[in-house]
Amino acid sequence: MKKHYVRYLTMTGMLSAVAYILMFLDFSIPMLIPSFVKMDLSEIPALIGSFAFGPSCGILICLVKNLLHLFITSTGGVGELANFLMGAVFVGTAGLIYKHKKTKSTAAIASIAGAILMGVASIPINYFITYPFYYNFMSKEAVLEAYQLIIPSMENILQCLICFNFPFTAVKGLIAAAVTLLVYKHLSPLLKGRK
């Protein structure tokens, strides 16, 4: 039991460090979404941890990477809070579903469900947490105009979040899921200490 706990902590720490590093490799996709919305793949290690050790491990990885990122934050912790909440929804959902039936098809279904729920969660998280913080530096009208540069018919922030952020976040989750599904089988023995 103690050996399992030590491995759990060690692998959680290692995956958290990888997730933290991946946060630095963020990039924008200006033709599809305003440049202040960034794509990163730091949920991949959290999803791997969630599949290997359960949903609590994945959520813990999301927490640790965001706590580490607080030391260099430019958002006063608001971006990290939003990233944690969305990541926790994604890996928590996927890990919970996968925990009950550990097959490749269940992993795929679990990842898709988690990605869609993360997309859904991005709407209230951005609307009530992230964007009100942005309004301290950029007016609500300026944020709306950034979306209108892509699709002029956008009328309000909520509509923008539904039309842009929901699919963007869901696709981000699906990309993380695809990478995880490709590498998990090869990493699983290493993570769990099996040959």
Review point. Hey, what's the Cα Rg ratio for segment 1-89 versus the globular rule of thumb, 2.2 N^0.38 Å?
Key: 1.15
**Study point:** Computed E for VAL6/MET39 - FRET, C-beta separation, R0 45 angstrom, nearest 0.05
**Key:** 0.80
Exercise for review: For the chain, find the longest principal axis of its Cα atoms and tell me its angle to the long axis of helix 104-125, 0 to 90°, nearest 10.
Suggested key: 30
Exercise for review: Binning at 10 Å from 0, report for segment 110-195 what percent of all alpha-carbon pair distances ends up in each bin.
Suggested key: 17, 34, 25, 14, 8, 2
Review point. Using 12 Å as the cut-off for backbone N distance, which residues of segment 36-51 belong to the label zone defined by a point 7 Å from the Cα of MET138 along Cα→Cβ?
Key: 36-38
Review point. How large is the convex hull of the Cα atoms of the chain per residue, expressed in Å³ as a whole number?
Key: 110
Revision key, fill the gap. For the chain, the longest principal axis of the Cα atoms and the Cα long axis of helix 2-23 enclose an angle in degrees, to the nearest 10, of 30
**Study point:** Charged-residue dipole, Cβ positions (Lys, Arg, Asp, Glu), segment 1-142 about Cα centre, Debye nearest 20
**Key:** 760
**Study point:** Principal-axis tilt of helix 43-53 within the chain, Cα atoms, nearest 10 degrees
**Key:** 30
Review point. Toward the positive end of the charge dipole of segment 1-125, about the Cα centre and with charges on Cβ (Lys, Arg +1; Asp, Glu -1), which of LEU68, TYR98, LEU117 goes farthest?
Key: TYR98
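Where a number appears in this text, it was derived from the coordinates with a stated rule and is not lab data. In this text, all values refer to a predicted model and were calculated from it rather than measured experimentally. Here the Cβ is made from the backbone with ideal geometry for all residues, glycine too, and neighbour counts use every protein chain on show.
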